[in-house]
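Participant: Below you will find the structure I want to go over with you.
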Amino acid sequence: MIDKIIIICYNRGTMVHVKVLCPMCGSDNVVKYGKNGSGKQRLLCKNEECSLKIFQLEYTYNACKPGVKQQIVEMAMNGSGTRDTGRVLNISKDTVTAVLKKQKISRRKSMKGI
């Protein structure tokens, strides 16, 4: 996500400028957008065509990171158990179970609509 780090030296100290790219569209038109409840910096992508507007670089919980829910489903389809999946992804086995239950419910709803 971090493309380039530029270090600028001043007489009093060092200032680091980090160029951040949007994880969805790759645009560098990103600004700070406050902090979440646990104090992590939120960022706003100002690209008009970007479908993901607000994102974070750091997450408090590993299960909240983008792509983790998809990894849980893929590991389950490949025969990994909930404890094994939780251990590998460094998340709770209860979180793995909850994600799989939600996935099962959403599949049932989509099949009824067909």
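Derivation of every value follows stated rules applied to the coordinates shown; laboratory data play no part. Here the structure is a predicted model, which means the values were calculated and not measured. A quick note on method: Cβ atoms are made from the backbone with ideal geometry, for glycine too, and the neighbour counts reach across all protein chains shown.
Participant: Please specify each residue of region 51-63 satisfying the condition of being of a type in the set (A, V, I, L, M) and either under 16 Å from Cys25 (Cβ atoms) or without any contact (Cβ under 8 Å) to a residue 12 or more places away in the chain (or both). Please lay out each step first, then the result.
Facilitator: Of all residues in region 51-63, those of a type in the set (A, V, I, L, M) come to 52, 54, 57, 63.
If the condition is that a residue be of a type in the set (A, V, I, L, M) and either under 16 Å from Cys25 (Cβ atoms) or without any contact (Cβ under 8 Å) to a residue 12 or more places away in the chain (or both), then Leu52, Ile54, Leu57 are the ones that fit.
Participant: Out of the residues in region 64-88 meeting the condition of being free of Cβ contacts under 8 Å to residues at least 12 places away in the same chain and of a type in the set (Gly, Ala, Ser), tell me which one is surrounded by the most Cβ atoms within 10 Å (Cβ to Cβ).
Facilitator: Top of the filtered list is Gly86.
Participant: If you don't mind, there's one more thing I want to ask. Scan region 39-63 residue by residue and report those that are of a type in the set (A, V, I, L, M) and surrounded by 12 or more Cβ atoms within 10 Å (Cβ to Cβ). Outline the logic, then answer.
Facilitator: So in region 39-63, the residues of a type in the set (A, V, I, L, M) come out as 43-44, 52, 54, 57, 63.
Correct list: Leu43, Leu44, Leu52, Leu57, Ala63.
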